[in-house]
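Enquirer: Here you go, one structure.
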Amino acid sequence: MSGDDSCLTEVVTLVEYPFFEAMVDAEEPAAMGGDMDRGALLAACRTSIRPRSKPSACSPSTSSR
């Protein structure tokens with residue numbers, strides 16, 4: 001799904017994985033990426049999700065006023 005498309009979903013189980021490879025190894029790749037092979041699926045994960053970043057020292061959320 002992309003753009004303005006939407007669909008109703010229900011989260012049944014939420015699992016946190018330490019890295020994308022662990023997720024692809026534990027889950028059903030076809031359910032995540034259709035006919036994508038493992039390498040293509042991992043590449044898609046890496047390009048679609050930005051890594052977490054720490055707030056900078058001058059960020060309003062961390063400044064002391």
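Enquirer: State which residue pairs qualify: first residue under 20 Å from Leu14 (Cβ atoms) and inside segment 27-44, second residue of a type in the set (Lys, Arg) in any location, beta carbons under 9 Å apart, and separation of 6 or more residues or different chains.
Expert: Final answer for the pair search is Pro29/Arg38.
Enquirer: Before we move on, is Asp35 over 16 Å from the mean Cα position of the chain (by Cα), assigned to a loop (DSSP other than H, G, I, E, B) and at pLDDT 85 or above?
Expert: Yes; evaluated as a whole, the condition is true for this residue.
Enquirer: Is segment 3-20 home to any residue that is part of a helix (DSSP H, G or I), surrounded by 12 or more Cβ atoms within 10 Å (Cβ to Cβ) and at pLDDT 90 or above?
Expert: no
The values are calculated or read from the model by the stated rules, or taken from the named source; none is laboratory data. These numbers were taken from a predicted model, which means no experiment stands behind them. Every residue, glycine among them, receives a Cβ derived from its backbone with ideal geometry; neighbour counts consider all protein chains shown.
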